[in-house]
Structure formats: structure tokens, C-alpha cells
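Step one of this worksheet: look at the structure below.
The values are calculated or read from the model by the stated rules, or taken from the named source; none is laboratory data. Since we're looking at a predicted model, the values are computed, not measured. Heads up, the Cβs are rebuilt from the backbone with ideal geometry, glycines too, and the neighbour counts pull from every protein chain shown.
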Amino acid sequence: MIYPSIDKLLNVVSSKYELVHIAARRSKEIKETNHLQMPANKYVSKKNIGRALEEIAEGYIKVMYVDE
């Protein structure tokens, strides 16, 4: 994976495991609904998982933590 860089993504999400979980859920959502957060021509990746990672890196997906 070249773009987006893992360093940039880990500034948004606290762990690699959480990043995988969020990206997989968003990728499935893109597949089911065909809804993209950015215009289609702005994505570098053509695959849904790459597009999900790009959305996370660009701040279109916010990660919220709930205090217990």
C-alpha cells in the first residue's frame, strides 16, 4: 500500500487493528450503497478498500471514542 501512507492514517486512528476494522466496514458500505464521500475522479485507488482508506486519511470518516 503506497497511498495513503500508514503514518498519516495512524494519526487519525489509534491502532492498525482498528484501522483495518473501520476500512473494511466502509469498504462493504461502498459496495452495498455505491455512495462515495468524494467525487469519483479524486480517488487514487480504484478498489473500495483503497477508497475507504483515502476517505479516512482525508477526514471524511471521523473516529469517535466513547469513554466508559
Q: Scan segment 30-48 residue by residue and report those that are in contact (Cβ under 8 Å) with a residue 12 or more places away in the chain and within 18 Å of Gly59 (Cβ to Cβ).
A: Ile30, Leu36, Gln37, Met38, Val44, Ser45
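When you look at Ile61, is it β-branched (Val, Ile, Thr), assigned to a loop (DSSP other than H, G, I, E, B) and surrounded by 13 or more Cβ atoms within 10 Å (Cβ to Cβ), yes or no?
Yes.
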Q.
Please count how many residues of segment 26-49 are of a type in the set (Gly, Ala, Ser) and either modelled with pLDDT of 95 or more or in contact with a strand residue (DSSP E or B) (Cβ under 8 Å, 6 or more places away or on another chain) (or both).
A. 1
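Confirm whether Val12 is surrounded by 12 or more Cβ atoms within 10 Å (Cβ to Cβ), modelled with pLDDT under 95 and outside any helix (DSSP H, G or I).
Yes: the conditions hold for Val12.
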